[in-house]
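K.L.:
If you scroll down you'll find the structure; I have some questions about it.
The values are calculated or read from the model by the stated rules, or taken from the named source; none is laboratory data. In this text the structure is predicted, and so the values were computed from the model without any measurement. Positions of Cβ are generated from backbone atoms using ideal geometry, with glycine treated the same way; all protein chains shown enter the neighbour counts. SASA here: full protein model, heavy atoms, side chains in, ligands and nucleic acids out. Shrake-Rupley method; radii C 1.70, N 1.55, O 1.52, S 1.80 Å.
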Amino acid sequence: MNLPPPFVPDESVLTGVGASSGIAIGPARVFSHKNLHIPDFNVLSPLMVEAELARLENAQTVVRDKLIASKASLPAELKSQAGIIDAHLLLLDDPLFVGNIVSIIKSEMRNAEQAVVRALDGISTLMANVEDEYISSRLADVEMLGYSIIEALMGGSGDALMNTPAGAILVVHDINPSDVAKLSTIQVAGLATATGGHTSHTSIVAQAMEIPAVVGVKDLVASVNNGDMLIIDGRTGHVIIHPDEDSLNFYRTRQRMEQSFNAEIVRSSHLPAITLDDHCITVMGNLELEEELPAIMSYGGEGIGLYRTEFMYMNRGSLPGEEELFETYRRVVESVSPQPVVIRTLDLGYDKALDDVLKNTGSKEIKNNQALGLRGIRYCLRNRSVFKTQLRAILRASAFGEVKIMLPMVSSIDELRKTRALIADIQHSLEKAGIAYAPRIDLGIMIEVPATIFIARELAGETAFFSIGTNDLIHYSPAVALGDPYSLDMYQPLHPAIFKML
């Protein structure tokens with residue numbers, strides 16, 4: 001665990017999740033819906049109930065229009081985040097969420113603002129004991145939308161964020177998707193939020209914009225006041241309040257070192273990567289989000305060695321369709337061409353629980369999935385309609401540049417052969433429909449399950465390339481459960497067994 005230097009007093013340190021690396025130092029600018037003075041009164045007649053329902057409907061319209069306008073004004077580097085706004089638009093008309101608010105107005109005779117508050121309290125109570133990061137991120141989405149409705153009911157403009165001074169550190173409960181476009185125009189030094197995790201939309205946006213950020217900080221808004229001097233460490237997940245001179249000097253030095261290091265990387269990034277014994281190495285990038293492409297290419301990436309595709313299935317309530325997948329893959333492939341893009345097929349697993357998506361696939365097998373069992377290629381072959389949609393989009397994108405397909409969690413030759421047969425069927429259907437695709441695509445596998453080590457020779461005869469997934473391989477081999485504090489010291493990358501496997 002990364003700790004602040006020993007001279008930083010414990011009481012001045014708040015800890016969250018490091019969401020976007022970098023050091024930020026500056027005054028706090030605090031925004032909190034918890035500080036809203038929300039009206040609370042009884043509606044005393046059927047006529048007043050109808051008036052409150054009309055106010056609620058009008059507030060929905062205001063929020064909807066604001067979300068649509070924000071989606072249209074997203075800067076180019078954040079265009080792929082439109083799905084986050086789409087998810088909030090769907091939630092805005094969700095019959096369970098909105099229906100509950102309507103029911104409270106009618107049955108409890110409460111004003112619309114309080115009906116929203118009570119609906120949110122009910123959802124929070126239901127979710128109180130859920131520790132899953134993905135589900136807690138969805139709760140944060142519901143809360144943000146609820147408070148957007150409350151602000152609209154109270155006549156708020158929602159433009160207070162624009163008054164954030166350049167160089168300030170934005171401290172918020174969370175960032176509403178309708179504020180994403182605004183955030184791109186505000187020159188904030190850093191961002192700290194009370195909610196969120198690695199997969200929350202706030203983390204994704206902060207990474208895309210290269211803003212140092214810490215999310216999921218308990219008691220953040222209650223602990224920080226406007227103007228407080230803060231230090232944000234986006235790598236370790238620390239927020240330091242009222243830092244003393246020693247702390248400021250330490251982190252300013254680290255900030256300069258990181259900036260200097262990054263500048264040196266940019267200067268040398270396009271030079272050939274040649275080892276001391278004169279071997280040239282191809283340096284490719286890992287990609288999760290489309291907006292990471294400019295950074296990868298500007299740092300000298302010679303293609304995409306691993307395109308993780310499951311993030312397009314997250315932070316949303318429905319599966320992406322073939323056209324959405326195809327358009328995203330096509331843009332990535334065209335942007336990188338003539339360099340190759342290695343697209344890893346869907347890897348749903350223990351760290352990517354997609355309950356909302358699974359409801360739409362009708363799948364129950366992965367509901368309680370942990371690190372073992374039904375994940376990666378196993379899940380895809382069990383849910384072939386989902387898999388075929390993705391494979392079809394990948395094959396269509398292959399007409400626009402060099403594409404390779406990589407399968408995660410492979411443990412048998414049979415999985416490889418079944419996938420190859422599916423690809424052949426899709427190629428045949430594309431050919432019949434007159435849709436272009438690359439006739440030859442390399443098919444590779446991830447080596448991350450120990451079983452593949454013992455059948456590597458056989459697998460090599462039926463696949464174009466291997467990619468070693470060291471993270472999973474290292475924790476599967478000594479049977480270490482990631483996230484288990486009692487076994488973390490057993491996660492040893494330098495274990496002799498790992499070297500023998502490699």
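K.L.:
When ranked by the protection proxy of mean other Cβ atoms within 10 Å per residue, highest first, what sequence do the peptides 322-335, 94-107 form?
P.N.:
Values: 322-335: 17.9, 94-107: 15.9.
Going by the mean number of other Cβ atoms within 10 Å, highest first, we get 322-335, 94-107.
K.L.:
If you don't mind, there's one more thing I want to ask. If you count only protein heavy atoms with a 1.4 Å probe, what accessible area per residue comes out for segment 293-332, rounded to a whole Å²?
P.N.:
Values: 1340 Å² over 40 residues.
That works out to 33 Å² per residue.
K.L.:
If I model a spin label at A72 and H242 as a point 7 Å from the Cα along the Cα→Cβ vector, what separation in nanometres do I get?
P.N.:
Result: 4.8 nm between the two label points.
K.L.:
Roughly how many nanometres apart are two label points built 7 Å out from the Cα toward the Cβ at Y491 and A421?
P.N.:
In this crude spin-label approximation the distance works out to 3.8 nm.
K.L.:
Given a Förster distance of 22 Å, report the FRET efficiency between L381 and H428 from their Cβ-Cβ distance, rounded to the nearest 0.05. Intermediate results must be reported in sequence, preceding the final value.
P.N.:
On the way: r = 19 Å, r/R0 = 0.86.
The value I calculate is 0.70.
K.L.:
Taking K and R as +1 and D and E as -1, what net charge do the other residues with C-beta under 12 Å from the C-beta of Q60 add up to?
P.N.:
With Lys, Arg at +1 and Asp, Glu at -1, the neighbours total -1.
K.L.:
Taking 7 Å along the Cα-to-C-beta vector as the label spot, tell me the F466-I435 distance in nanometres, rounded to one decimal.
P.N.:
Those two pseudo-labels are separated by 3.4 nm.
K.L.:
Based on the Cα coordinates of segment 273-345, what is the per residue volume of their convex hull in Å³?
P.N.:
Working: hull volume 6.8 nm³, N = 73.
Convex hull volume per residue, Cα atoms: 93 Å³.
K.L.:
For the pairs K218/K388; K71/K218; K71/K418; K66/K404; K418/K500; K404/K500, flag any whose C-alpha to C-alpha distance is greater than 32 Å. If you can, show how the numbers build up before the last one.
P.N.:
Values: K218/K388 42 Å; K71/K218 30 Å; K71/K418 40 Å; K66/K404 40 Å; K418/K500 30 Å; K404/K500 28 Å.
Checking Cα-Cα distances, K218/K388; K71/K418; K66/K404 exceed 32 Å.
K.L.:
Nearest 0.05, what FRET efficiency do M257 and E334 give at R0 = 35 Å with Cβ-Cβ as r?
P.N.:
Details: r = 37 Å, r/R0 = 1.05.
Computed FRET efficiency for M257 and E334 comes out at 0.45.
K.L.:
To the nearest 0.05, what FRET efficiency results for D228 and K500 with a Förster distance of 56 Å applied to their C-beta separation? Write down the numbers at each step before the final one.
P.N.:
Details: r = 53 Å, r/R0 = 0.94.
E(calc), rounded to 0.05, equals 0.60.
K.L.:
Leaving out ligands and nucleic acids, note down the accessible area per residue over segment 391-502 with a 1.4 angstrom probe, in whole Å². All intermediate terms of the calculation are to be shown ahead of the outcome.
P.N.:
Numbers: 5850 Å² over 112 residues.
On a per-residue basis, 52 Å².
K.L.:
Sort 303-313, 208-218, 241-251, 437-447 by packing, meaning the average of other beta carbons within 10 Å per residue, with the highest value first.
P.N.:
Working: 303-313: 20.6, 208-218: 23.1, 241-251: 15.6, 437-447: 17.5.
Peptide ranking by packing, descending: 208-218, 303-313, 437-447, 241-251.
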